[in-house]
1. Taking the chain as a Gaussian network, Cα atoms linked when under 10 Å apart, which of V166, V97, V35 shows the biggest mean-square fluctuation?
2. Compute the distance in nm between two label points, each set 7 Å from the Cα along the Cα-to-Cβ direction, one at N276 and one at Y242.
3. Which residues' amide hydrogens lie under 5 Å from the amide hydrogen of G238, considering only partners 5 or more residues apart or on another chain, with H built in the peptide plane?
4. Using R₀ = 22 Å, calculate the FRET efficiency as 1/(1 + (r/R₀)^6) where r is the Cβ-Cβ separation of K36 and E216; round to 0.05.
5. Stretch A22-E60 to full length: gain in nm at 0.36 nm per residue minus the Cα-Cα span?
6. Find how much the distance from L328 to K108 grows on full extension, using 0.36 nm per residue of separation minus their present alpha carbon separation; answer in nm with one decimal.
7. Of the beta bridges DSSP finds with both residues in the chain, what % are antiparallel, to the nearest 5?
8. Which of W217, W277 has the fewest other C-beta atoms within 10 Å, and how do the rest follow up to the most?
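Just so it is clear, none of the values below were taken in a lab; they were calculated from the coordinates. Remember, it's a predicted structure, so these values are computed and weren't measured experimentally. Don't worry about glycine lacking a Cβ; one is built from the backbone with ideal geometry, like all the others, and counts go over all protein chains shown.
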Amino acid sequence: MIVVMSKDATKEQIAKVEKELALLGFKTHPIYGEVKTVIGAIGDKSNIKSNTLLTMPGVERIIPIMKPFKLASREFKQTRTCIDLGDVKIGGEQVVVMAGPCAVEDEKSYMEIARCAKEAGASILRGGAYKPRTSPYSFQGLEEDGLKIMAAAREATGLKLVTEVVDTRDVELVASYADILQIGARNMQNFRLLQEVGQSKKPVLLKRGIAATIEEWLMAAEYIMDTGNYNVILCERGIRTYENTTRFTMDISSIPVVKELSHLPIVVDPSHAAGNWKYVPALAKGAVATGADGLIIEMHTNPSSALSDGPQSLRPDNFAVLMKELELVANAVSRTIFKKDQQ
Ligand code: PEP
Ligand code: MN
């Protein structure tokens, strides 16, 4: 439920209400707005009489949250969440593009890809250093050496880094390099991992599970937010359907649905959805037209020799063309593409 404090409630009154909620067994999540403070109270409300709270000084009203996801819900927070990474902001007016290879393979190729990504206007670099694959015999990633390469690319380009963490034991290490921690589709319901990345306080890019409903996906976000880390970016990356001409089916409807249900930003990964570089530009443009706050796109200087996901990776020249086209699509929906140093 949400306890809305009146606009002239004092700090002491707010603190008293928070204390009372804690005594009643609730976990509290206050939002100190410019005009009013609202306190999200998560817990079992069956054993409280709302009168106890309603009569406390400073309390204006109490609103139940009907959805199973609470902190992620639009009911809890009406204004859109904007994740602030310094110069880059995800969930604001501008659309943010993240690009890079599926996996970090070696320093030379990564630096070259990072340079191309920056030149075309991407503002965040992607790359996997931990790559558990469908087959245990496939390339598994460079681990910390890969993170070091990514950090060197950040240093050289000024771009931010998003990279996946797959194990609770690695969260601290990965968080010491990354600007955004990525939770992969296959780990969307790895609840211990969600809690651990929540506790790291780093922004989290939460990919949708390959067979997850939107509600399950938002419940996964709730696990992260329940730790007090509200910096969650949802990422639609395609779901498994009976269709097999593409790797997954990009659920374009999830963009407006998520925007209605939640205040969290949503980005789209057209590369894993398509599984084929040829379809990536169309899906990317569709996502921006539909309201996505960003894109995460696989790009490689030599896709045919890529160690992972080469067939769905754009070459830098195609990526640069797409960036230009995206600008037009963004303009058509009254947005622009954020381009670092090109504002
Ligand atoms: C990736 O981003 O490289 C990846 C493995 O994505 P997903 O978890 O969506 O399959
Ligand atoms: Mn990949």
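1. Evaluated over the chain, the most mobile residue of the options is V35.
2. Those two pseudo-labels are separated by 2.0 nm.
3. Close amide H contacts, sequence-distant or interchain: D251.
4. Values: r = 32 Å, r/R0 = 1.45.
The pair K36/E216 has a calculated efficiency of 0.10.
5. Numbers: separation 38, 0.36 × 38 = 13.68 nm, distance 1.87 nm.
So the chain would gain 11.8 nm between A22 and E60.
6. Numbers: separation 220, 0.36 × 220 = 79.20 nm, distance 3.29 nm.
In short, 75.9 nm is gained.
7. Values: 18 of 47 bridges.
Here the antiparallel bridges make up roughly 40 percent for the chain.
8. Working: W217 26, W277 23.
Listed from fewest to most nearby Cβ atoms, that is W277, W217.
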